[in-house]
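Below is one structure, written out as structure tokens; comments come after it.
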Amino acid sequence: MRLRVTFHTGARELPWEDVLAPGRAVAYALLERGAPELGRALHDRGWGPHKLRPFGYGAPIFPGARRRRGVYAADGPGVLEFGSPLIAVVEGWAAALASIPVLAWGATAFIVDRVEPVEAPRFETGKAVFRTETPVVMKGSGRDASGARERREAWCLPGEPEWDFYVQRNLRRKAASLGLDPEVTLENVGWIGRKRSFAVGSAGGGKKPGARVEVMVSGAPETLSALHSWGLGQDNSTGMGWIGAPRR
């Protein structure tokens, strides 16, 4: 399930370092108000056998803002989405937002106009096409074809040899963490966007490299719905790998 927040702001642009990075702190701050025990458990210990953080969010979108080169335009009304396969997380966010008129997104004030839940698609055919709105990040082994260590920071980009394997493994770990059918298969990669790096708000900070993608996955409908609410790849709790609405 997702929570869609409609808001407005007087800011005309967002600093690039504030496009995604503030969201993690905002998500945890909302849980601290709406579901404090759950929020602390997710932050301190993670969820399930793999100790993952099952939530994500997208970058703020401003449909009416005029595009300007080199600037993340933020003029006028905007939309922000948070998502989690755990209903209790979404309910905690909603409870907090019921009494919060303004969200502090970094140094920018988002004045909340409306909050509404959005049910996850059902994917009754057992197949789903996921197209991400933010880059997917994934770590591989960092080794070359001979097995020798090639690089210390083992970021693996879409199109590289290990990427499919590690993404599929990540999908199955997520399903297992939720107690759902883990038999998820990455069927194909239909599109790869250009490489991007975004500042993130995790404890390690810095920037994470990745690329937007469109993939087809198959699995149990309930599992696919949960993954759609969570995200693709790693570090979804920092806004990476956010999946857009299914195409009609």
| said: For the structure I just gave you, tell me whether PRO209 is modelled with pLDDT of 95 or more and either touching a helix residue (DSSP H, G or I) at 6+ places or on another chain (Cβ under 9 Å) or not basic (Lys, Arg) (or both). | reply: no
| remark: Subset of the stretch 202-223, residues surrounded by 21 or more Cβ atoms within 10 Å (Cβ to Cβ) and either in a loop (DSSP other than H, G, I, E, B) or more than 15 Å from the chain's Cα centre (by Cα) (or both), comes to VAL215, VAL217, GLY219, THR223
| request: Spot the failing condition for THR9; the list is (1) more than 27 Å from ARG173 (Cβ to Cβ); (2) free of Cβ contacts under 8 Å to residues at least 24 places away in the same chain, and only one is missed. | output: (2)
| First in the stretch 126-141 and without any contact (Cβ under 8 Å) to a residue 60 or more places away in the chain, second anywhere and in a loop (DSSP other than H, G, I, E, B), Cβ under 8 Å, 6 or more apart | GLY140/ALA154; GLY140/CYS156; GLY140/GLU160; GLY140/GLU162; SER141/ALA154; SER141/GLU162
| message | From the list ARG68, ARG40, exactly one residue is at pLDDT below 95 and surrounded by fewer than 21 Cβ atoms within 10 Å (Cβ to Cβ). Which is it? | response | ARG68
| said: Out of everything in the stretch 93-126 that is within 20 Å of ILE61 (Cα to Cα) and in contact with a Ser or Thr (Cβ under 7 Å, 6 or more places away or on another chain), what residue ends up being surrounded by the most Cβ atoms within 10 Å (Cβ to Cβ)? | reply: PHE110
| remark: Counting only residues that are in contact (Cβ under 8 Å) with a residue 12 or more places away in the chain and either assigned to a strand (DSSP E or B) or assigned by the TED database to the domain that holds GLU222 (or both), the stretch 87-112 contains a total of 8
| field | Some residue of the stretch 25-45 being in contact with a Leu (Cβ under 7 Å, 6 or more places away or on another chain), under 19 Å from TRP242 (Cα atoms) and not hydrophobic (A, V, I, L, M, F, W, C) | value | no
| Assuming HIS50 fulfils every condition listed in (1) of a type outside the set (A, V, I, L, M); (2) buried (at least 20 other Cβ atoms within 10 Å of the Cβ); (3) outside any helix (DSSP H, G or I); (4) out of contact with any strand residue (DSSP E or B) (no Cβ under 9 Å at 6 or more places or on another chain) apart from one, which condition is it? | (2)
| Residue list for the stretch 66-81, filter: in a loop (DSSP other than H, G, I, E, B) and in contact (Cβ under 8 Å) with a residue 40 or more places away in the chain | ALA74, ASP75
| query | Is it true that ALA27 is exposed (fewer than 14 other Cβ atoms within 10 Å of the Cβ), among the aliphatic types (A, V, I, L, M) and part of a helix (DSSP H, G or I)? | reply | no
| field | Odd one out for GLY78 among (1) out of contact with any helix residue (DSSP H, G or I) (no Cβ under 6 Å at 6 or more places or on another chain); (2) surrounded by fewer than 19 Cβ atoms within 10 Å (Cβ to Cβ); (3) not aromatic (Phe, Trp, Tyr) | value | (2)
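The values are calculated or read from the model by the stated rules, or taken from the named source; none is laboratory data. Just so it is clear, the model here is predicted, and its values are computed rather than measured. Note that we place each Cβ from the backbone using ideal geometry, even for glycine, and neighbour counts take in every protein chain shown.
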